[in-house]
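Colleague: Structure provided below as C-alpha cells; questions to follow.
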Amino acid sequence: MPKSTPANLEAILLEGIEITPNCLGVINSDKEVIYCNQHFASIFGTTVQNATGKKSADLLRNAWETKQGVIINTDNFEQWLANLHKLHSDKALNQYETDLTDGRWFKMTRINLDSGNTIIMGVDITELKNAQKALEDAHQHIESLVNTDQLTGVHNRRSYHQLAKHEFARAMRFNQPLSLLVIDIDYFKTINDNFGHVSGDEILKEFAQVCNGLLRQSDSLSRIGGEEFTAVLPMTDHDGAMLIAERIRAKVAKHLFYITQSEQHLTLTISIGSSSLIERDTSMKDLFNRADKALYCAKRGGRNQVQQAQIC
C-alpha cells in the first residue's frame, strides 16, 4: 500500500471516469454542470462540450423537446421539473433508475453535498434490464402455453376455471349480472369419422375463430373438452346472453367450414345452453351445471338451438 497519495491521482481518476461505461457528473450550487463524462452528457442527448456550463434544467428541457437521451413522459414539463427538484432536494441521497431513448438503462445515485454541489453517478444496468425483460417474456410465454388451448388458441379448461372464479367473485362483489354459455358442436364425431381427425381439428380452429369474432373483448371463450366450449359473459343478464348465444348459433349455421384435405366446404350446427347468475349461486359451478343441463335440453330438443337454463 502506498504511504502517500500519488501526485497524479486526479489524472488517474479522470482517465478512469472517461473510460468507464458508467456516468458521472458534478453540478454546482447554481445548478450548472461543471464536470461530466460523455455517458453523463448522453443522458441529455448531447456532448460533454455542450453539457458543461449548462444548467441541468435546460439540459433536461432539451432532452424532452428533442426526445433524445432520458425518456421524459409528460405533457407539462415545467410541472414535471418542479416535482423532480422537490423530490431531489428532500433527501441528501437519492437513488433511481432511468432509461434512455437509445435503449440503455442507468441506476442513478444523486448526492447533495453540504457545499451546495451535487454529484450524480450512474451505473449502466442495461444488460440486467434486458435479462429481466427476457425473463418476464419467458414467464408470459409459459403462462400463455399453460392457459391456452394449443389447437384453437382460446382459453383451455385450466384457464376457464381461473377466469370463471374471477368473474364470479367480481359479479358477487359489485352485484353485477353474469352469464355463461356452454356450447357443443352437433354430431362432431361424425365429422371426425367421415373426414378424419386432422379435418376435425381444422373445423375446431375455424369454429373458435367464428365464435371469437362475435364475442366482446370482455368475454372469454374457452375449450373445455373435445368439441365443447364455454363463453363467460360478464355484465350480461339472461336476455343479453340469449341474444349473444342465438347470434353465435345463427352465424355458425350459415358459415361454410373449409376442409383442406378434401378441398370442400362443410356446414354444421351447434347447441347452446345458457345460464345467468341468481341469488342462491355460491360458485361458477352452479351456473355451469344449469347451462350444461340446458345444453342437453337443446340436444334432446333436436339440436341447432339455444336453451336457457330456467326454462328447461
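Colleague: How about Lys54: which aspartates and glutamates have a C-alpha closer than 17 Å to its C-alpha, ignoring those fewer than 8 places off in the same chain?
Modeller: Output for Lys54: Asp30, Glu32, Glu65.
Colleague: Another question, then. Using a simple charge model, +1 on the beta-carbon of Lys and Arg, -1 on the beta-carbon of Asp and Glu, nothing else, what dipole does the chain show about its Cα centre, in debye to the nearest 20?
Modeller: For the chain, the charge dipole is close to 860 debye.
Colleague: Which whole-Hz couplings ³J(HN,Hα) result when phi for each residue of the stretch 28-37 is put into the Karplus expression 6.51 cos²θ - 1.76 cosθ + 1.60, θ = phi - 60°, listed in order with x for Gly and Pro?
Modeller: 7, 5, 8, 6, 9, 6, 9, 7, 6, 9
Colleague: Give me, ordered by chain and number, the residues 5 or more places off Asp186 or on other chains with an amide H under 5 Å from its own placed amide H.
Modeller: Thr269, Ile270, Ser271
Colleague: Non-local amide H neighbours of Glu228 (under 5 Å, H modeled in plane, Pro and chain starts lacking H): which ones?
Modeller: HN-HN under 5 Å from Glu228: empty list.
Colleague: Want the number for Phe174 to Tyr35: 0.36 nm per residue separation, take away the alpha-carbon distance, what's left?
Modeller: 44.2 nm
Colleague: With angles folded into 0 to 90 degrees, how steeply does helix 9-19 sit against the dominant principal axis of the chain? Use alpha carbons for both and round to 10.
Modeller: Long axis of 9-19 versus the principal axis of the chain: about 30 degrees.
Colleague: If you don't mind, another one. Let a ≥ b ≥ c be the square roots of the eigenvalues of the Cα gyration tensor of the stretch 18-125; is it rounded (a/c under 1.5), or, if not, prolate (a/b larger than b/c) or oblate?
Modeller: rounded
Colleague: Multiply the residue gap between Lys293 and Glu228 by 0.36 nm, knock off their C-alpha separation, and tell me the result in nm, one decimal place.
Modeller: Here the answer is 22.0 nm.
Colleague: Which one, (1) 32, 23, 21; (2) 65, 23, 17; (3) 29, 23, 19, gives semi-axes √(5λ) of the Cα gyration tensor in Å as derived from the coordinates shown?
Modeller: (2)
Colleague: Roughly how many whole Å is it from the C-alpha centroid of the stretch 280-312 to that of the stretch 118-167?
Modeller: 36
Colleague: So, one more: Once you have the Cα-Cα distance between Thr98 and Asp137, take 0.36 nm times their residue separation minus that, and quote the gain in nm to one decimal.
Modeller: Values: separation 39, 0.36 × 39 = 14.04 nm, distance 2.09 nm.
Extra length from Thr98 to Asp137 when fully extended: 12.0 nm.
Colleague: Pull up all non-local amide H partners of Thr148: gap of 5 or more, or a different chain, and H-to-H distance under 5 Å with H placed in the peptide plane.
Modeller: Distant-sequence amide H within range of Thr148: Asn156.
Colleague: Next question, about the same structure. Helix 56-66 versus the longest principal axis of the chain: what angle, 0 to 90°, nearest 10, using Cα atoms?
Modeller: Compared with the principal axis, the helix lies near 40 degrees.
Colleague: Under a plain spin-label model, where a point goes 7 Å from the Cα along Cα-to-Cβ, how far apart in nm are Leu145 and Met235?
Modeller: 3.5
Colleague: Roughly how many whole Å is it from the C-alpha centroid of the stretch 213-266 to that of the stretch 27-96?
Modeller: 55
Colleague: Check the straight Cα-Cα distances from Lys189 and name the lysines below 24 Å, setting aside those fewer than 8 residues away within the same chain.
Modeller: Candidates past the 8-residue exclusion: Lys205, Lys251, Lys254, Lys293, Lys299.
Colleague: How large is ³J(HN,Hα), in whole Hz, for each residue of the stretch 85-90 in order, when computed from phi with the Karplus curve 6.51 cos²θ - 1.76 cosθ + 1.60 and θ = phi - 60°, using x for Gly and Pro?
Modeller: Residue by residue, the stretch 85-90 yields 4, 5, 4, 7, 8, 6 Hz.
Colleague: Within 10 Å of each candidate Cβ there may be at most 12 other Cβ atoms; applying that plus a DSSP loop requirement, which GluC sites (Glu not before Pro) in the stretch 206-312 survive?
Modeller: Working: sites: Glu206, Glu227, Glu228, Glu246, Glu263, Glu279; in loops: Glu227, Glu263, Glu279.
Counting only loop positions with at most 12 other Cβ atoms within 10 Å, the GluC sites (Glu not before Pro) in the stretch 206-312 are Glu263, Glu279.
No lab work stands behind these numbers, since they all come straight from the coordinates. Everything numeric in this text was worked out from a predicted model, so none of it was measured. Neighbour counts run over all protein chains shown; Cβ positions are idealised from the backbone, glycine included.
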